[in-house]
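The values are calculated or read from the model by the stated rules, or taken from the named source; none is laboratory data. Small disclaimer: the values here were computed from a predicted structure and weren't measured. Here the Cβ is made from the backbone with ideal geometry for all residues, glycine too, and neighbour counts use every protein chain on show.
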Amino acid sequence: MTQLLSIENVTVRFDGLVALRDVGLAVEAGTVLGVIGPNGAGKTTLFNVVSGFIRPETGVIRWDGVELRDHQPHSLAGLGIARTLQGLGLFPGLTVLENVLVGAGRLARSGPLSTLLGLRRAARDEAALRERAMATLTELGIADVHAAVPSSLPYGIRKRVALARALVGEPRLLLLDEPASGLAAEEIEELGDRIRTLAARAAVVVVEHNMDLVMRICDRIVVLDFGEVIATGAPEEIRSDPKVVEAYLGVPA
Ligand SMILES: Nc1ncnc2c1ncn2[C@@H]1O[C@H](COP(=O)(O)OP(=O)(O)OP(=O)(O)O)[C@@H](O)[C@H]1O
């Protein structure tokens, strides 16, 4: 198995508070890794480290075997990493299709840049991108709403738009921050199937509070508590780990 992303000894401190202490994990191609833990355990901070929003005080992040030193959020797509946010982060003034095109990072070409690049080439690029964006929307079953603005759509559909935006760049690693939050039971069921399907072409790291979903879709799970990894393993190992039970219930198992 190829280790696509690995993190070793990552420590992040906010003033006095240690948000991550000596954290390590690895994600292999073709797999789904779950990151769970009580509120404030450091899950979002971990995503922010991988995304280049936060520089850790210590530690190494390796992408495809190469150490990432000064990566920035805007260089993620180029690396082949995409992320969905806890909030949806959709642009309210853009249509669904335009929001997805922003994910492809090339919408600017239809602006003044197209004049510089040569109108014909830009038009060709634009057409190809639109086709890719529409194909992604079709895959997620929401092509029919491509011309709508997000605010006119139910929350579950908007979440799919956010996922389409992350997928359109054909990432090799997908970071999903609470993908099930706000969804109805049958939507969560469908989401689980979709994530499993996606894992065939992109490794997935998912931060999620819905334990049923996590247990169902993850190959491995990392449990954080107060910024430390207290357990790593397959779902059945995690489920019966006394340290994990204690972290969640607050009493020794
Ligand atoms: N920018 C920041 N400045 C100061 N403290 C922060 C900052 N970001 C996070 N923290 C703190 O770091 C700790 C870890 O937060 P983080 O958001 O990563 O946890 P989490 O596991 O994602 O929580 P949740 O499940 O509630 O989203 C918390 O104590 C939080 O208050």
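For segment 54-96, how many residues meet the condition of being modelled with pLDDT of 90 or more, within 15 Å of the ligand (Cβ to nearest atom) and hydroxyl-bearing (Ser, Thr, Tyr)?
Qualifying residue count, segment 54-96: 0.
Any chance segment 18-35 includes a residue that's within 18 Å of Pro171 (Cβ to Cβ), touching a Cys at 6+ places or on another chain (Cβ under 6 Å) and among the aliphatic types (A, V, I, L, M)?
Yes.
Has segment 39-46 got any residue that is closer than 14 Å to Ser6 by Cα and either within 15 Å of the ligand (Cβ to nearest atom) or at pLDDT below 90 (or both)?
The answer is yes, given that some residue of segment 39-46 is closer than 14 Å to Ser6 by Cα and either within 15 Å of the ligand (Cβ to nearest atom) or at pLDDT below 90 (or both).
Can you give me the number of residues within segment 1-21 that are within 15 Å of the ligand (Cβ to nearest atom) and closer than 28 Å to Val245 by Cα?
Matching residues across segment 1-21 total 12.
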